[in-house]
Structures are given as structure tokens and as C-alpha cells.
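The values are calculated or read from the model by the stated rules, or taken from the named source; none is laboratory data. Just so we're clear, the structure is a prediction, and the values are computed from it rather than from any experiment. Glycine gets a Cβ as well: all are built from the backbone with ideal geometry, and neighbour counts include every protein chain shown. These area figures cover heavy atoms from the full protein model, side chains too; ligands, DNA and RNA do not enter into them. Shrake-Rupley method; radii C 1.70, N 1.55, O 1.52, S 1.80 Å.
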Amino acid sequence: MAMEMRLPAARKPLSERLGRDTKKHLVVPGDTITTDTGFMRGHGTYMGEEKLIASVAGSVERVNKLICVKALKTRYIGEVGDIVVGRITEVQQKRWKVETNSRLDSVLLLSSMNLPGGELRRRSAEDELAMRGFLQEGDLISAEVQAVFSDGAVSLHTRSLKYGKLGQGVLVQVSPSLVKRQKTHFHDLPCGASVILGNNGFIWIYPTPEHKEEEAGGFIANLEPVSLADREVISRLRNCVISLVTQRMMLYDTSILYCYEASLPHQIKDILKPEIMEEIVMETRQRLLEQEG
């Protein structure tokens with residue numbers, strides 16, 4: 001049996017600028033954020049004895065006079081327009097239940113999706129009988145949040161051809177607080193793979209398709225065998241995402257690509273070793289700082 005032994009290694013000191021720029025105001029429940037009564041109370045805070053106190057553990061964010069605490073680890077709280085990746089858990093009457101990492105199951109209505117071929121017509125009884133042929137339990141989908149109900153449940157839609165059933169790839173589940181909000185969450189990376197960064201913390205990594213299946217209406221998943229080179233790229237990207245999450249770095253297309261490039265000198269299986277993980281993420285962080293400043 002192969003055995004690997006690692007000796008203690010000296011930690012590399014962070015550059016002064018790197019340490020200074022990554023400092024955040026972190027609080028735990030019960031910490032006093034401010035005693036100034038001129039600020040408004042936001043999410044994750046409450047007023048007590050004329051002080052603004054944190055109710056969750058996380059980083060303090062301030063927008064003008066509004067102070068809120070963004071929890072470091074939380075369930076997904078839906079917002080209209082968010083891109084999510086979810087798994088079908090149940091087929092019901094005229095709707096599907098979808099697991100999206102939120103407190104309650106999300107719902108995808110039969111009327112909120114494209115019919116195969118992109119037909120525009122009212123949904124009939126035949127469509128309802130064929131629902132399990134469209135999507136069944138265990139299928140992964142990408143969708144957009146259409147509405148958020150008063151109890152926090154989320155309603156989804158897949159009316160655009162870029163949404164729909166997902167084919168072959170790898171799903172990585174992370175904390176939703178680590179996914180950076182952007183204009184687009186569908187990214188074709190130059191390394192030969194694509195990622196969908198779900199706002200709900202579900203990251204889908206898959207081989208970049210040679211041609212877009214626009215006539216399929218989002219129901220035909222590509223089940224062609226994936227080449228070894230593509231599988232290696234996907235595996236490396238998956239390990240890079242886990243490395244960034246372990247070091248509490250925000251996930252977006254640039255950070256993932258820089259981390260991928262920093263990991264190329266190492267074997268895929270070695271990326272998750274603690275010392276290599278730290279080295280790769282530190283290099284990524286420095287490149288991002290150089291780009292910003």
C-alpha cells in the first residue's frame with residue numbers, strides 16, 4: 001500500500017499589502033457593531049440598549065447609513081434574477097420541486113418553462129402527463145429566480161434557451177456567501193471547460209460544448225463520452241474551486257481562472273494538499289491584487 005509522509009513546513013509570510021487589503025470587520029453574535037444611533041439596522045443586526053448588535057457571525061457591510069452583517073455560512077436566500085443550479089426532488093401536479101440549498105424547496109411551474117422545440121402555446125393535459133419525460137427526479141437544471149414568496153420559498157423559470165437540463169459535468173457545493181454576484185454567471189473558460197456559478201452555492205463544471213443546442217429547448221442533455229483531456233481539466237477546476245473555498249476566497253470567473261493557471265505546475269491530486277493549496281491560493285490572491293491596483 002502506497003504511503004505518503006509530509007514533514008512540517010514553514011508558512012510563507014503574507015506580503016504587508018496582501019494582509020492589509022484582505023482585513024475585514026468580522027463579528028460574532030452579541031458583538032457591538034456601533035454605538036452611533038444615526039445608522040439604520042440591516043440584516044443580521046438588532047438594536048439593544050441604544051447599540052447596534054450583531055445577531056449572526058460574519059463580516060460587517062456598510063452602505064451609506066445602512067449596516068448589515070453578511071453571514072459567513074448560511075443557507076441560500078433567494079432574490080429575483082438570481083441564477084441557480086438545482087436538483088429535481090419531486091414531480092407534482094403542474095410543477096416540480098427543486099432542491100436549491102435554501103431553507104424550503106423551490107418550485108418550477110410547468111407554465112414557467114419552454115416546451116420542447118420552443119413552442120409558444122398554453123400547457124395542455126398532454127403536457128402535464130409528459131412532465132416526467134421533460135424532467136424527472138435526480139435531474140440537474142439551471143434556472144433563474146422568478147419570484148420569492150413571503151415564507152422565503154423561491155419560484156423558478158427556465159424560459160430562456162440558456163437554462164434547462166444539465167448534461168455531463170461535476171457539481172461542487174459551496175457556501176452561497178462565497179459566490180460573487182455578477183452580470184453573467186455562465187462562463188466559458190479558455191482552458192476548455194465552462195462553469196455555471198449558481199448564486200445558491202451550487203457550482204456546475206462541464207466541458208464547453210462545440211455547438212449550442214438551441215433547438216432542443218433545454219431538455220436534451222448531451223450524454224456523449226467526455227474525452228480524458230476534458231475530464232482532467234474539469235477535475236483540476238473542481239480542486240481549484242475547493243481550494244479557493246477552503247481559503248475563504250470569493251468565486252468568480254477571474255479568481256477561478258487565475259487559480260487554475262497557478263495550479264498547472266502541480267498534479268491534479270496534489271492540489272488538495274494543505275501546503276500546495278495555500279501556495280496556489282496565495283499566488284491567486286496576489287495576481288488579483290495586482291490586477292485591481
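A few comments on the model shown:
- Ellipticity estimate at 222 nm from DSSP helix runs (n ≥ 4, -39,500 (n - 2.57)) divided over the chain, nearest 500: -6500 deg cm²/dmol
- Ordering P207, G152, M131 by Cα displacement along the dipole of the chain toward the positive end leaves G152 in first place; charges were set at the Cβ atoms of Lys, Arg (+1) and Asp, Glu (-1).
- Å² of accessible area per residue within the chain, as computed with a 1.4 Å probe and no ligands counted: 58
- Local electrostatic count at Y252 - Lys and Arg +1, Asp and Glu -1, tallied over other residues with Cβ under 10 Å: +1
- Pairwise label distance in nanometres, L129 with E275, each label 7 Å out on the Cα-Cβ vector: 6.6
- Cα gyration tensor shape for region 103-210, rounded if a/c is under 1.5, else prolate or oblate: oblate
- Within region 117-204, trypsin sites (Lys or Arg not before Pro) in DSSP loop having at most 16 other beta-carbon neighbours inside 10 Å: R121, R122, R123, R159, K162, K180, R181, K183
- Net length gained if the chain between R62 and R75 were fully extended (0.36 nm per residue, minus Cα distance): 2.5 nm
- Entries of K97/K183; K70/K269; K97/K162; K180/K269; K73/K180; K97/K165 with Cα pairs more than 22 Å apart: K97/K183; K70/K269; K180/K269
- Electrostatic dipole magnitude of the chain [Cβ: Lys, Arg +1; Asp, Glu -1; Cα centre; debye, to 20]: 700
- Global form of the chain, assessed from the alpha-carbon gyration tensor, a/c cut-off 1.5: oblate
- When the solvent-accessible area of the chain is split by element, carbon and sulfur atoms take up 51 percent of it, the probe being 1.4 Å.
- Prolate/oblate/rounded label for region 23-69 (Cα gyration tensor, a/c 1.5): oblate
- Unpaired cysteine residues in the chain (no second Cys Cβ under 4.7 Å): C68, C191.
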